[in-house]
Amino acid sequence: MILIRRTGAGSPTSAFTQNSDGVFVSQTQKLHALDTGNAHENHDFIVDNSIYVWQPSFRAYMLINPTACSHPSRPIGFFVSVEPATGIVNADYVEVLFLGFYAGKYQASRNDASNSAAGVGTLATSRQGVIPWISVDWDASVAACIASNVQMMTNEQAVSLAVYSMLIGPAVFGANRWQPYGNNSSLKDVDDTSVVFTADPTQAGRALIGTGTKTGWGAGVNLTTHNGKTTGVYDLNGNVWEWVAGITLRNSEITKGGVPSGVIVSGTSGQKITALKTLAAITKEGIQASMDVTGVAEFGHDGFWFATVANTEYFPLRGGSWGSSSSAGVFALLLYYVRSNVLTNIGFRAAFVVL
């Protein structure tokens with residue numbers, strides 16, 4: 001491991017160490033008291049009958065002016081793990097610290113779900129090989145997590161997993177690819193149809209949770225997780241959309257924690273992301289700055305959808321579904337539905353932090 005010490009402008013000196021994925025994670029991590037895993041690495045932690053993945057705090061640099069930062073081929077809002085040698089901090093790039101948390105390793109399921117029935121239980125679990133909890137609105141998702149002594153994943157937490165994937169990028173996921181594969185094309189990945197999933201018997205095209213695989217992947221490898229390993233978080237690209245907490249959209253303005261951010265969303269809903277907004281208030285929220293019909297590889301050609309009915313509040317969904325095709329992915333964001341919306345391709349994911 002490489003230990004470095006950063007003295008960024010306007011921020012206290014902090015120590016970081018490079019983990020096995022090549023990501024610079026904080027030397028100071030706060031694990032659950034019963035978690036004996038390596039604080040600098042993704043690892044499983046079992047709570048009751050659910051499996052969570054420890055995602056350590058890590059540092060990244062968001063490019064505001066990629067050319068000035070010697071990354072002329074990268075889009076605005078792209079993240080790199082090493083501080084640019086050129087450019088001005090807080091003008092051409094900004095340092096971002098994503099805080100550590102425990103992510104549901106799998107999309108949420110009811111506590112009595114199986115591989116043949118969705119169940120009727122009221123507690124949210126994180127388990128492999130079962131039917132996801134779907135047809136659930138935003139409030140019911142939050143309530144299920146609270147009843148299970150956890151939280152629903154926040155948008156910031158979802159983005160942190162997306163950025164972690166971006167930092168390891170092509171070295172793990174293959175040439176010109178910065179995110180995991182997923183069930184975005186009815187039990188296969190649109191970019192590699194040899195990545196396949198086990199069918200959910202209750203819904204055509206949907207998969208049982210965490211079942212993506214490909215012949216030839218070695219031991220410990222699974223490129224449908226955020227780190228490309230079996231230690232990672234599954235199904236962030238497709239299968240079912242996931243409600244997340246922390247932001248909403250009202251009158252075309254992003255609100256964060258219920259407070260208007262001043263960030264206005266514009267463009268054509270349903271197009272693909274070509275850049276992210278870099279304003280200080282939302283650097284960790286993954287909000288599109290520009291779109292077109294094709295998108296860019298760095299953001300997975302992921303889509304962004306939004307609605308603009310006056311005085312209506314829209315709640316966020318991440319990731320896409322089994323039918324989202326190339327628009328699905330870790331940066332895909334849908335701000336198109338009100339909190340009461342219920343569909344068979346909408347679910348959620350649990351998470352928690354250690355205070």
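Computed from the coordinates by the stated procedures, all read-outs in this text should not be read as laboratory data. Keep in mind that this is a model prediction, so the values were computed, not measured. Methodologically, a virtual Cβ is constructed for each residue, glycine included, from the backbone with ideal geometry; neighbour enumeration extends over all protein chains shown.
Some observations on this one:
- Packing-based ranking of 15-27, 258-270, 309-321 yields 309-321, 15-27, 258-270, ordered from highest to lowest mean Cβ neighbour count within 10 Å.
- Dipole in debye (nearest 20) - the range 210-355, about Cα centre, beta carbon charges: Lys, Arg +1; Asp, Glu -1: 200
- Listed peptides 140-146, 177-183 by packing density, highest first (mean Cβ within 10 Å): 177-183, 140-146
- Residue among G303, G320, L279 farthest towards the positive dipole end of the range 279-355, charges placed on Cβ: G320
- Remark: the chain carries a charge dipole of roughly 180 debye about the Cα centre, counting +1 on each Lys and Arg Cβ and -1 on each Asp and Glu Cβ.
- Think of it as helices only: each DSSP H run of n ≥ 4 in the chain is worth -39500 (n - 2.57), and spread over all residues that comes to -2500 deg cm²/dmol at 222 nm.
- Formal net charge of residues neighbouring K256 (Cβ-Cβ distance under 14 Å; K, R +1; D, E -1): -1
- The chain - convex hull of alpha carbons, volume per residue in Å³: 131
- Between the range 320-340 and the range 39-105, the C-alpha centres lie 22 angstrom from each other.
- Placing +1 on the Cβ of every Lys and Arg and -1 on the Cβ of every Asp and Glu, with nothing else charged, gives the range 29-142 a dipole about its Cα centre of roughly 140 debye.
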